């Protein structure tokens with residue numbers, strides 16, 4: 001199947017599964033341990049129903065969303081995705097360029113294979129930088145100042161990886177960055193010749209073995225590029241005072257990613273954040289964590305008037321995005337969906353993924369009888385009594401329109 005023939009994100013996922021070697025596809029698709037949280041991120045949407053209004057003039061509907069004075073063409077953006085360069089050549093640039101063409105915000109991961117400065121120069125658009133921060137504040141400050149000098153409009157501090165999640169598939173596949181090529185990996189690459197030539201070998205000839213380009217580590221006064229081990233250097237020591245330190249250093253918009261409790265959302269506001277990402281890291285960290293959708297209404301009630309609320313993890317349909325907006329999110333961010341598109345068709349494949357989601361959002365809004373995303377609220381939703389939704393139904397029944 002060609003990406004142009006994809007009718008939905010699932011079609012793009014199937015193309016990606018066919019084209020990618022196992023080491024790359026598993027890193028993209030899998031979750032932590034028993035993948036309970038990974039599955040829950042999708043299952044929770046099945047228990048949220050729509051309650052449409054009829055005989056509403058929806059001929060002039062719009063899904064444009066204004067955030068911090070900027071108006072975007074849709075109420076979603078591109079989430080940070082580490083090691084994107086495994087899915088197409090120069091993926092970080094192509095994903096960001098597709099986001100610019102679609103007029104959506106895009107978050108570049110610290111763990112990108114392309115230097116942040118080059119992404120800014122070649123892609124442009126509304127770019128935010130996602131920060132994995134070490135307790136080594138000298139190293140952290142150097143990286144933050146680099147992002148500021150490059151021109152990123154916001155900084156997104158990811159806080160839910162004090163230690164790496166238990167992703168057993170990585171160990172089974174002997175996955176690490178820089179990539180280690182053993183007999184199994186070489187054979188898998190040979191069985192996927194399109195990926196081998198157009199992604200891996202092209203990257204190898206252009207910039208060498210794929211590695212992280214945005215993170216360095218101070219080792220005895222010498223700056224060296226890091227591996228996955230160095231990437232996690234002393235993150236378990238971070239606390240809220242480190243966010244206060246970062247707030248003083250970073251003069252633009254600052255967001256905290258990985259929030260799953262009302263208490264942490266309130267602390268983010270207290271320590272000077274401008275926004276948060278309600279996120280369980282796509283089910284890749286703590287297995288057994290709730291879906292963001294389950295806690296989103298409580299967080300929106302508690303801090304929605306003080307913080308911009310983003311949400312990610314598990315979004316595959318325009319219906320999913322509309323449900324999150326009705327539950328109190330300001331914007332939704334998608335990661336795997338755009339990587340499927342990148343795997344299937346590079347920059348144009350990413351645009352295909354974006355267009356599919358936009359068309360689904362537009363259709364759902366028309367069928368709901370809602371003309372703007374800002375008018376979405378709990379009045380458009382109904383809830384199953386299933387335990388899979390936890391306490392969400394009773395909470396949401398008390399919410400008013402956003």
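The numbers here are math on the coordinates, done by the rules we state, and not lab data. What you see is a predicted model; the values in this text were computed from it and never measured. Virtual Cβ from ideal backbone geometry, glycine too; neighbours counted across all protein chains shown.
Miscellaneous remarks
- When Rg and the Kirkwood Rh are both derived from Cα coordinates, the Rg/Rh ratio for the chain amounts to 0.95.
- Antiparallel DSSP beta bridges within the chain, as percent of all bridges there, nearest 5: 25
- Above 15 Å, the calculated P(r) of the stretch 249-304 contains 45 percent of its Cα-Cα pairs.
- The chain: angle of helix 292-303 to the longest principal axis, Cα-based, in degrees nearest 10: 70
- Spatial offset of the stretch 309-360 relative to the stretch 71-121 amounts to 13 Å, using the alpha carbon center of each.
- In the elastic network of the chain, a GNM with C-alpha springs shorter than 10 Å, the most mobile of 368, 351, 296 is 368.
- In the chain, helices alone account for a calculated mean residue ellipticity at 222 nm of -12000 deg cm²/dmol, with every DSSP H run of four or more residues adding -39,500 (n - 2.57).
- A Förster radius of 30 Å, combined with the Cβ-Cβ distance separating residue 306 from residue 374, puts the computed FRET efficiency at roughly 0.95.
- Using alpha-carbon coordinates, inclination of helix 9-19 to the longest axis of the chain, degrees: 20
- Length gained when the stretch residue 66-residue 262 is fully extended (0.36 nm per residue, less Cα-Cα span): 68.1 nm
- The stretch 278-298 and the stretch 179-216 have Cα centres spaced 32 Å apart.
- The long axis of helix 91-102 is offset from the longest Cα principal axis of the chain by roughly 30 degrees.
- Between residue 146 and residue 33, full extension at 0.36 nm per residue minus the direct alpha carbon distance yields a gain of 37.1 nm.
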